[in-house]
Amino acid sequence: MKSSAPSDHLENAARHDAPTRGLIELMASEHASLDALLAEAVRGNVEAYREFRQRLLRHIRIEERLLLPMAEQKRGGKPLLLAPRLRLDHGALAALMTLPPTEGTLRAVSAVLKAHNPLEENSGGVYDQCETLAGPDASELLLECEKTQPVPVSSWIDDPKVLEAARRALIRAGYAASLLDEGEPE
């Protein structure tokens, strides 16, 4: 059996116990990547839209299955004040991800993200609160976030019923359904 030097053990421990970046940085960098993919999709890149859909849904999965439940548990069963707002936005975004990359779809997604992301990224926002609440468990939480698998994504559906469901999800979340209208919104 090969014996390792003490420095190897320290290096391995450091790799496991001290992430090179924190939760805030990880999630904000995902937002930046998503913004870049969305910008490409707006320029007509359908492959960028496909990747955007998959990565956005994975990102939402991290927030819904890891961050928000952890925060609620650490707060003794009391959810973060912004949790209901985020969940409405997540519902709207998930509904929009069922639609093809039309001008209206991309405009609606952009509008939701423009309002949504600062709630998470700003100082004192959801990511800041989650990192603080995680405390000594922050490294483990970060690893769980990084290990989160992609969400299986079906093809988008170009159907009036699906479009109407997305409109209802936007309205529930407090956005104008007219964002989905083709051409300039009113």
Checklist line | the chain, relative contact order [Cα under 8 Å, separation at least 6], % | finding: 30 percent
Next item on the list: Any aspartates and glutamates with Cα under 19 Å of the LYS78 Cα? List them, leaving off those in the same chain fewer than 8 positions away.
Entry: GLU63, GLU64, GLU120, ASP128, GLU131, ASP137
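Can you show me the helix-derived [θ] at 222 nm for the chain, built from DSSP H runs with n ≥ 4 at -39,500 (n - 2.57) apiece and divided by the number of residues, rounded to the nearest 500.
-21000 deg cm²/dmol
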Next item on the list: Obtain the nm distance between the two label points defined at GLU121 and ARG43 by a simple spin-label model: each point lies 7 Å from its Cα along the Cα-to-C-beta direction.
Entry: 1.9 nm
Item checked: Estimated inter-spin distance, ARG85 and GLU144, nm [label 7 Å along Cα→Cβ] -> 2.4 nm
Checklist line | Along each principal axis, Cα extent of segment 21-180, largest first, Å | finding: 47, 29, 26
Notebook entry, point to check: Once the piece of chain linking SER29 and THR132 is laid out straight, how much longer is it, given 0.36 nm per residue of separation minus the C-alpha distance between them?
Noted result: 35.2 nm
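Any read-out appearing in this document is the output of simple, stated calculations on the displayed coordinates, not a laboratory observation. Because the structure is predicted, anything quoted here is derived from the model rather than measured. Positions of Cβ are backbone-derived with ideal geometry, glycine not excepted, and every protein chain shown enters the neighbour counts.
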